[in-house]
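See below for the structure under consideration.
Quick note: the coordinates plus some simple rules give every number you see, no bench work behind them. Computed from a prediction, not measured in an experiment: that's the story for all the values here. We place every Cβ from the backbone using ideal geometry, glycine too, and count neighbours over all the protein chains shown.
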Amino acid sequence: MTCGLAVVFPSLPLAQSPQAAEQANLGVSFAHAGKYPEAIEAYQRAIALDPSLPGIHLNLGLAYFKTGAFLRAIQAFETATQEDPQNFQAQTLLGMSYFGSRRYAEAVAPLEKAVSAQSGNAELRSTLGKSYLYAGRYPEAMREFEQLMRNQPDSPALHMFLGEAYDAVGRSAEAFAEFDTASKANPKEPAVHFCLGYLRWKDHRYEDAAREFQAELENDPENADALAYLGDVRMRGNQDDEALALLEKALRVRDDERVAHLDLGILAARRHQYEKALAHLQAAIRLEPSRADAHYRLAGVLRALGRAKDADHELARVRELQQKEQDHQKDLLLNANLPRPAAATP
């Protein structure tokens, strides 16, 4: 991914050390041939000979970026932007490298600088919008996606991202409208039916949710989220055998599916398989320690195992997390200047 930029490996100027320039331009030749590991080695030799060679850290970062070594690319691009703060290719690729390594909050600043220089680059603006979204900066995310939709009103992907931002701040009706628009524009848009189902699930409209999850699985039978949430619906309907099959398949697809671990823990506890329940609930907590539901279920399992002190500790943690979540929602809605939604039922 290059945000629409023509990413090139420019020839480098002569350095104080002719050997450094020779190695640098050897790296360029390797890079043009797609031999990025060899290019990296040549650039590193050039830097050892002359670390002040103009452009060398940008080219090194480009080679790392091409191989997907985003953390190493970040180091090189940070050096390049320090050397030349007006190099917007370096700013863009620094932001993209942060994004690629899922460091979304850190991606924002360099991407903002890059967008200021290339405001018409829709792909770059979209990446900035996603960085805002995944960093929890929802008003800014809405602003970017709404602006992009002025030129791309029929883009299912933009409607999906805008829907995610609305959902994150509790504007469920607007989120549903965006996901519904995306679904009508492209019924096979990845995750669109899951998102519609998830909103129905949050409203406790479980059978409506189940229909959307099933539609998602028709498009993508290996969608771990749809498998897990459909399993959750079946568990809530006391269809434990069907739920068990769906939840176990979700974990085979992706072993970090928190809802699957949580619900398998609940099902195991129902069957008095407390050690198995313990393992799944602890896995759910490791994945998202700040969610109160798994701590609450774990307290029940610990009490069944005779570990009353540990159970009391988990219940105290539940009360603490519930208070933090209430405070967070108040702050979020206040900052976004939005009406307060109804409290969610645990």
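Structure notes:
- Computed from the C-beta positions of Gln147 and Glu248, the FRET efficiency with R₀ = 45 Å rounds to 0.55.
- The candidate values are (1) 60, 41, 40; (2) 72, 47, 33; (3) 74, 48, 39; the one derived from this structure for Cα extents along the principal axes in Å carries the label (3).
- Local electrostatic count at Arg286 - Lys and Arg +1, Asp and Glu -1, tallied over other residues with Cβ under 13 Å: -2
- Euclidean distance between Cα centres, the stretch 20-72 to the stretch 179-226, Å: 45 Å
- Here the Karplus curve 6.51 cos²θ - 1.76 cosθ + 1.60, taken at θ = phi - 60°, turns the phi angles of the stretch 175-190 into couplings of 4, 4, 4, 5, 5, 5, 4, 4, 5, 5, 6, 8, x, 9, 4, x Hz, with x standing for Gly and Pro.
- When only the Cβ of Lys, Arg, Asp and Glu is charged (+1, +1, -1, -1), the dipole of the chain relative to its Cα centre reaches about 620 debye.
- Loop-located trypsin sites (Lys or Arg not before Pro) in the stretch 81-139, at most 14 other Cβ atoms within 10 Å (DSSP): Arg102
- Spacing of the two label points (7 Å from each Cα toward its C-beta) at Asn87 and Asp220, in nm: 3.7 nm
- Listed residues Gln75, Ala48, Tyr296: farthest to the positive end of the dipole of the chain (Cβ charges): Tyr296
- Across the stretch 54-70, coupling constants 3J(HN,Hα) worked out from phi with the 6.51/-1.76/1.60 Karplus curve, θ = phi - 60°, read x, x, 5, 6, 4, 5, 4, x, 4, 5, 4, 4, 5, 8, x, 8, 5 Hz, and Gly and Pro carry x.
- GNM flexibility winner over the chain from Asp310, Asp256, Asp225 (Cα, springs under 10 Å): Asp310
- Whole-Hz ³J(HN,Hα) from phi, Karplus 6.51 cos²θ - 1.76 cosθ + 1.60, for the stretch 205-221, glycine and proline x: 9, 5, 6, 4, 4, 4, 4, 5, 4, 5, 5, 4, 5, 5, 6, 9, x
- Net charge of Cβ neighbours under 12 Å - reference Leu124; Lys, Arg +1; Asp, Glu -1: 0
- Only lysines eight or more places from Lys202 in sequence, or on another chain, were considered; those with a Cα closer than 21 Å are Lys324, Lys330.
- Radius 12 Å from Cβ of Leu133, net charge of other residues (Lys, Arg +1; Asp, Glu -1): -1
- In summary, the lysines within cross-link reach of Lys309, defined as a Cα separation below 21 angstrom excluding same-chain residues under 8 places away, comprise Lys276.
- Farthest toward positive dipole pole in the chain [+1 Lys/Arg, -1 Asp/Glu at C-beta], among Gln86, Ala63, Trp201: Trp201
- Positive-end extreme of charge dipole, the stretch 265-320 - chosen from Gln282, Ala269, Leu315 (charges on Cβ): Ala269
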